[in-house]
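The values are calculated or read from the model by the stated rules, or taken from the named source; none is laboratory data. This is a predicted model, so every value here is computed, not measured. Heads up, the Cβs are rebuilt from the backbone with ideal geometry, glycines too, and the neighbour counts pull from every protein chain shown. Only protein heavy atoms, including side chains, enter the accessible area calculation; ligands, DNA and RNA are left aside. Shrake-Rupley method; radii C 1.70, N 1.55, O 1.52, S 1.80 Å.
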Amino acid sequence: MQPPKSHPRYESLMKREKILEGIKEGIVAEAGLIAHGRGEAFDYLLGEKTIPEADLAEKIAAYHLILAEYPVISVNGNTTVLVPDDIVKLSELLNAKIEINLFYRSEERMRKIADILRKHGAKRVLGEKPDSKIPGLEHSRALCTNEGTIKADVILIPLEDGDRAMALKNMGKTIIAIDLNPLSRTSKASDVTIVDDVVRALPRITHHIKSVKEEKTSKKVIKKEIAAFDNTKNLSKILERMQTEAISRF
Ligand code: PTJ
């Protein structure tokens, strides 16, 4: 059901609709609804907006992706229904590979997700024919490709489960997570954690990449800002911000 545009929480309701539609079409896992609800709860505490600490992480993420030799964007059911265009745009801007990596893997879901991304302009989508595994993971979440996850030096993981994030970190990769829960294992294991809704985060990362190109920011400056970024400190500032933001609306 389409919510009326006048509804004060129209955007949030539209996201729910996309997730529900995705479940009906067999694209989003049923557990994706629960994951979305958890994300919504944290987003509500943040005031459903990009807070300054998230924007900083989005800028640092953009910097890592610009410096990357082989960036990869990992996608699942939720991200595909929420931001298919943004995934494709970002991959084109960075010349990054897109790889589907599912927690609740089935060949049918893999195909449906790849079809949606191709429909939105992706020339190549990896993951349907895995030829490698992430060491240390036992379930089907380990399945991946040599051309994607294995070769990646920097990997963007929106809405990731903690085990896989930690396994990727153990492989020596630079991990950029998008996760509204600042307390999740994924958030804590990542090099850069963007505590923002994926719907706002991907366009912000793209914006920062374009700014670097327009303003011709030097590699020296980029590297200096990356070195000065402390993910744990940023996460603790976010927890404080959640509290003050929520109290200010009480
Ligand atoms: O499509 P599949 O089979 O790969 O399954 C995907 C889900 C998301 C179901 C699976 O990876 C899962 O169970 O994830 P978790 O462990 O519940 O983690 C999802 C995290 O994403 C949670 O910490 C949520 O707070 C967060 N989250 C949910 N929706 C959003 C979000 N973060 C950013 N933007 C969102 N829209």
* Determine whether residue 132 is modelled with pLDDT under 95 and either open to solvent by less than 40 Å² (accessible area, probe 1.4 Å) or within 11 Å of the ligand (Cβ to nearest atom) (or both). => no
* In the range 72-84, which residues are more than 9 Å from the ligand (Cβ to nearest atom) and open to solvent by less than 10 Å² (accessible area, probe 1.4 Å)? -> 72, 73, 74
* Structure fact -> Only one of 211, 187 is under 14 Å from the mean Cα position of the chain (by Cα) and among the hydroxyl-bearing types (Ser, Thr, Tyr), namely 187
* To do: Please state which one of 114, 61, 96 is within 14 Å of the ligand (Cβ to nearest atom), farther than 23 Å from residue 23 by Cα and either surrounded by 19 or more Cβ atoms within 10 Å (Cβ to Cβ) or acidic (Asp, Glu) (or both).
  => 61
* Identity of the residue in the range 32-53, surrounded by fewer than 13 Cβ atoms within 10 Å (Cβ to Cβ) and not basic (Lys, Arg), that ends up farthest from the ligand (Cβ to nearest atom) -> 52
* **First in the range 128-140 and at negative phi, second anywhere and of a type in the set (Phe, Trp, Tyr) and open to solvent by 70 Å² or more (accessible area, probe 1.4 Å), Cβ under 9 Å, 6 or more apart** => 139/103; 140/103; 140/104
* To do: Please state which one of 71, 84 is out of contact with any Gly (no Cβ under 8 Å at 6 or more places or on another chain) and within 22 Å of residue 168 (Cα to Cα).
  => 71
* Which is outside any loop (DSSP other than H, G, I, E, B), among the β-branched types (Val, Ile, Thr) and modelled with pLDDT under 95, of 244, 232, 193, 217? -> 244
* To do: Any chance you could count how many residues in the range 21-31 are open to solvent by less than 70 Å² (accessible area, probe 1.4 Å), assigned to a helix (DSSP H, G or I) and either more than 10 Å from the ligand (Cβ to nearest atom) or of a type in the set (A, V, I, L, M, F, W, C) (or both)?
  => 2
* Identify, by number, the condition in (1) open to solvent by 50 Å² or more (accessible area, probe 1.4 Å); (2) out of contact with any helix residue (DSSP H, G or I) (no Cβ under 9 Å at 6 or more places or on another chain) that residue 16 doesn't meet. => (2)
* **Flag if residue 87 is in contact (Cβ under 8 Å) with a residue 60 or more places away in the chain, of a type in the set (Val, Ile, Thr), within 29 Å of residue 233 (Cα to Cα) and surrounded by fewer than 24 Cβ atoms within 10 Å (Cβ to Cβ)** => no
* Quickly run through the range 191-237 and pick out the residues that are more than 12 Å from the ligand (Cβ to nearest atom) and hydroxyl-bearing (Ser, Thr, Tyr). => 206, 211, 217, 218, 232, 236
